[in-house]
1. On a 0 to 90° scale, report how tilted helix A:47-60 is relative to the longest principal axis of chain A, with both axes built from alpha carbons and the result rounded to the nearest 10.
2. Mind listing the label-point distances from residue B:12 to the same position on all other copies, shortest first, one decimal in nm, points 7 Å along Cα→Cβ?
3. How crowded by other chains is B:107-115, given as the mean number of beta carbons from other chains within 10 Å of each beta carbon?
4. Amide H of residue B:97: which non-local residues (sequence gap of 5 or more, or other chain) have their own amide H closer than 5 Å, using H built in the peptide plane?
5. Hey, what do the phi angles of segment A:110-117 turn into as Karplus ³J(HN,Hα) couplings, whole Hz, using 6.51/-1.76/1.60 and θ = phi - 60°, x for Gly and Pro?
6. What are the residues whose amide H is under 5 Å from the amide H of residue B:110, where those residues sit 5 or more places off or on another chain and H is modelled from the backbone?
7. May I ask what percent, to the nearest 5, of DSSP beta bridges between residues of the protein assembly as shown are antiparallel?
8. Sequence gap at least 6, Cα distance under 8 Å: using those rules, report the relative contact order of segment B:46-118 to the nearest whole percent.
2 protein chains.
Amino acid sequence: MTTHELAKAFTALCTSGEFEKAGHQYWSDDIVSIEAMDGPMARVAGRAAVDAKGAWWYANHEIHSVKVEGPYVNGDQFTVRFTMDVTPKDGARMAMDEHALYTVREGKIVEERFFYGM
Amino acid sequence: MTTHELAKAFTALCTSGEFEKAGHQYWSDDIVSIEAMDGPMARVAGRAAVDAKGAWWYANHEIHSVKVEGPYVNGDQFTVRFTMDVTPKDGARMAMDEHALYTVREGKIVEERFFYGM
């Protein structure tokens, strides 16, 4: 599977709202997830930890809608834009606009890095 | 100047159509420009060579409109989305949709990497 094929398949699952399935299917066991923030969630490594981070996020946000655009490909990396309408638990409904940069090695995503619209 | 400030200023120039000024102002002398293609233009290094690549591009494309979205920031990197309506010389008018990933060191952009919508 080329990076282009993986990028298309991964993005198609995201477009269908199947974010967890997309991760389970295409993350490497050594996946590293990097957020644009300080603190303990800034860099999370390993499938179990990244899974737990996702589970926390889904449990603490109500997703009203997601728009997925991409993938955009270069070599062993690709990007996807996510525009989300979400309400954090105990927070105000808000628009999120982010780019995710994925790095692929041997047919699996080894790193996801999130960039926030400013 | 933080990466966030640089990203905002660079993107503002692009939004005004001042792409060459944005490059001249914020590229490092050692800027490396990476395209999602094979061949001699895949990796161009150094300000003079990247300038020449830009000059070639502008001479060979008529830009009808550009939409600039961003910046999206994470650490010392930021991304911008460019949606363009262009006609290549001797080619058909087309829509281009790309993400650019910029890496900053010591207040200058040392790498630009382009991802193409697929």
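1. Its long axis makes an angle of about 30 degrees.
2. Inter-copy label distances (nm, one decimal, shortest first): 4.3.
3. Working: counts 0, 0, 0, 0, 0, 0, 5, 2, 13.
Mean shielding by partner chains, rounded to a whole number: 2.
4. HN-HN under 5 Å from residue B:97: B:84, B:117.
5. 9, 8, 10, 9, 9, 10, 9, x
6. HN-HN under 5 Å from residue B:110: B:28, B:103, B:104, B:105.
7. Numbers: 68 of 76 bridges.
The answer is about 90 percent antiparallel.
8. Values: 119 pairs, mean separation 16.1, N = 73.
Relative CO of segment B:46-118 lands at 22 percent.
Computed from the coordinates by the stated procedures, all read-outs in this text should not be read as laboratory data. The structure displayed is predicted, hence computed values, not measured ones. Note: ideal-geometry Cβ built from the backbone for every residue, glycine included; neighbour counts use all protein chains shown.
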